[in-house]
1. Hey, if you drop one equal point scatterer on each alpha-carbon of the stretch A:183-262 and run the Debye formula without solvent, what base-10 log of I(q)/I(0) do you get at q = 0.11, 0.15, 0.25 Å⁻¹?
2. Run the numbers for B:Glu34 and B:Lys46: contour at 0.36 nm per residue of separation, minus the present Cα-Cα distance, in nm.
3. In terms of the Cα gyration tensor, with a ≥ b ≥ c the square roots of its eigenvalues, is the stretch B:54-124 rounded because a/c is under 1.5, prolate because a/b exceeds b/c, or oblate?
4. For the pair B:Thr226/A:Lys251, report the inter-label distance in nm, with labels modelled 7 Å from Cα in the Cβ direction.
5. Per residue of the stretch A:219-228, in order, report the coupling 6.51 cos²θ - 1.76 cosθ + 1.60 (Karplus, θ = phi - 60°) as ³J(HN,Hα) in whole Hz, putting x for Gly and Pro.
6. Work out from phi, with θ = phi - 60° and the Karplus expression 6.51 cos²θ - 1.76 cosθ + 1.60, the ³J(HN,Hα) of each residue of the stretch A:326-339, listed in order in whole Hz, and give x for Gly and Pro.
7. For a quick check: with amide H placed at 1.01 Å from N, whose amide H comes under 5 Å from A:Gly271's, ignoring anything fewer than 5 positions away on the same chain?
8. For the stretch A:288-344, what does the alpha-carbon gyration tensor say about shape, rounded, prolate or oblate, given a ≥ b ≥ c as the root eigenvalues, a/c under 1.5 as rounded, and a/b over b/c as prolate?
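Every read-out reported here was derived from the displayed coordinates using simple, explicitly stated rules and does not represent laboratory data. Keep in mind that what you see is a predicted model, and the values were worked out from it rather than measured. Note that we place each Cβ from the backbone using ideal geometry, even for glycine, and neighbour counts take in every protein chain shown.
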Amino acid sequence: MSDLTYLSLKDVTLAYGKSVAVDRLSLDITRGELIALLGPSGCGKTTTMRAITGLMRPAAGRITLDGADITYLPANKRQVGLVFQSYALFPHLNVFENVAFGLRLKRLDGKTLDTRVDGGLDLVGLSHLTNRKPAELSGGQQQRVALARSLVMDPKVLLLDEPLSNLDARLRLEMRTELQRVQRESGVTMVFVTHDQSEALALADRIVVMKDGYIEQLGTPEDVYDRPSTRFVADFVGFENIFAVENGKLKTADGEVPLNPGAPIEGTVKGLAWRPSKVTLGSGSFSGIVKGSSFAGHAREYLLDSALGPIKAEQPVPHDAYAIGDRIAFDLAPEHAARLNRME
Amino acid sequence: MTGRLLSYATLTLVLAFLLGPFLIIVAAALSAGETLAFPPQGLSLKWVFKVFEIESFRKSFALSMFLAVFGTLAALVLGVPVAYAASRYKLPFRETLRTIVSAPIIVPGIIVGLALLRYLVIPLDVGVGLALFIAHTALILPYAVRVVSASLENLRSDIEEAAVILGSSRAGAFFRVVLPNIRNGILAAFILGFVTSFNQVPVSLFLSGPGVRTLPIDMIWYMEITYDPSVAALAALLAFLSIAIVFLAERFLGFSRYV
Ligand SMILES: Nc1ncnc2c1ncn2[C@@H]1O[C@H](COP(=O)(O)OP(=O)(O)O)[C@@H](O)[C@H]1O
Ligand SMILES: [Mg+2]
């Protein structure tokens with residue numbers, strides 16, 4: 001935990017009865033950061049959020065926020081905001097009263113309350129719909145109400161559980177920019193959950209990649225996208241050619257295959273992975289037979305059958321297309337590979 | 001063609017079966033004669049006015065009203081928490097609870113009445129009035145639990161968590177976001193409980209004492225002594241009252257969604 005740490009989870013274990021959902025998770029977040037929790041469904045993202053809000057008590061570990069230990073502080077005293085995946089708006093209250101809910105509990109005087117609610121609705125662009133009931137709003141508008149409802153409380157941390165997953169594709173892009181703008185304007189520390197890597201890459205300052213209740217990798221979008229450190233992350237962000245490494249050689253179904261001398265492979269490296277775009281086509285020490293070829297807009301993708309097993313490669317269009325059945329040379333250059341330190 | 005005729009015939013028969021007794025009662029109530037009879041002997045409203053002059057009807061009406069209103073309220077005070085607990089927590093004995101709570105619906109009223117008389121009123125010397133109140137509360141409880149459960153089922157539980165995160169206590173969240181959203185269900189349960197209690201005969205039959213009789217029981221008593229059309233007039237008035245209540249409930253609450 002550094003001096004800059006604002007929200008910190010230390011060895012936090014979360015369990016439903018006897019089944020452990022999150023296992024000794026540690027995470028330090030700086031004030032004003034925008035963090036993405038990225039991982040497949042069921043990996044413990046929502047559970048982690050619930051622990052930060054106080055809706056769930058850790059079985060072990062510590063959570064601190066703004067210098068105070070909040071591990072056992074009740075949820076209604078934490079000053080942590082949560083935008084639920086389902087929005088969880090109050091059906092019997094109109095937009096204004098939904099947003100005012102938490103402020104009314106603080107017994108603010110009428111004028112202050114009105115100003116703050118109006119400010120919140122303004123920030124999310126809903127000032128014209130104050131009298132509508134949630135049932136009369138579109139999904140995107142409900143989302144904004146939920147966001148405003150949390151923001152007006154001036155939370156120390158704002159958590160968003162899959163904020164974009166219930167929206168249609170066009171709205172999702174719009175809300176993405178919207179979230180970024182709101183975060184910039186309010187300066188609030190934000191943690192959002194997603195299972196969509198492109199969302200995490202586009203929005204986050206740092207990405208926490210989760211799997212089965214623990215952190216696989218934590219880094220900037222560039223780290224995660226270009227330098228995945230485990231097989232799971234490499235696979236998740238689109239590295240399609242992944243090989244285990246032993247004694248500086250690639251392990252394949254047919255035995256070990258030495259790589260071309262290039263950048264030497266360090267002893268700690270357990271695997272190497274190449275994106276299809278990083279496979280050199282037309283020259284190199286390997287060869288394969290074209291089994292499949294498909295047009296993907298910016299590039300043409302090939303599926304090769306080689307001594308290394310199946311290889312996915314792509315070349316920008318236009319270029320001389322290879323035909324199915326052609327035998328072509330290719331290369332896997334170590335300097336273009338992601339180095340993986342865990343393969344399971 | 002014959003199929004269609006047949007279905008119309010069936011429909012007419014069913015309607016006649018449902019509405020027939022009601023029409024006969026109304027006709028008998030409007031009779032100008034001195035005894036309960038159908039077809040009525042002449043038309044008049046005198047028996048309708050007579051109803052309001054009969055002292056015992058006024059007393060038993062007050063008792064029935066009291067039981068229906070306060071029995072239903074008591075059943076709701078007990079039933080709403082039960083319904084809430086059953087919908088929100090994975091209770092280990094959930095099914096057992098459901099069965100126990102529904103018992104008074106399933107067990108014949110005669111038996112409930114007899115049991116209360118034999119094991120509550122007689123040995124413990126509980127007053128008949130209190131026994132009636134307990135009995136009506138117990139009879140309405142299953143309806144209260146069922147109707148309120150139905151509206152809780154449609155309410156997401158995460159709004160309570162949202163309220164807590166916004167600073168509310170757990171109990172506060174119940175009153176601020178659960179109750180307002182099941183208000184219509186509670187109203188529907190109230191109406192159903194009210195009507196059930198008001199029309200209750202078999203249990204109340206056992207739990208009557210000197211001067212303590214619910215309206216339906218009092219009507220039976222009255223009929224055994226006096227065979228004039230005022231009973232028909234009262235029955236017709238009560239039927240209209242029930243119809244009005246259910247009609248309004250349907251209109252404003254969508255009553256049939258809950259029962
Ligand atoms: N209420 C619950 N009771 C028991 N197990 C649960 C409950 N909620 C989640 N889990 C389990 O905990 C794990 C993590 O779930 P969750 O945090 O919801 O994942 P995510 O949000 O990443 O999809 C899953 O294996 C899930 O089955
Ligand atoms: Mg989730």
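1. Treating every Cα as an identical point scatterer, log10 I(q)/I(0) equals -0.41, -0.65, -1.19.
2. Working: separation 12, 0.36 × 12 = 4.32 nm, distance 1.04 nm.
My answer for the length gained is 3.3 nm.
3. oblate
4. So the label points at B:Thr226 and A:Lys251 sit 10.1 nm apart.
5. Once rounded to whole Hz, the list reads x, 6, x, 5, 3, 5, 6, 9, 10, x.
6. Running phi through 6.51 cos²θ - 1.76 cosθ + 1.60 with θ = phi - 60° gives 5, 9, 10, 7, 8, 9, 10, 7, x, 5, 9, 9, 7, 9 Hz.
7. The list, which skips near neighbours in sequence, is A:Val245, A:Leu340.
8. Values: a/c = 2.13, a/b = 1.53, b/c = 1.39.
Because a/c hits 1.5 or more and a/b exceeds b/c, the stretch A:288-344 counts as prolate.
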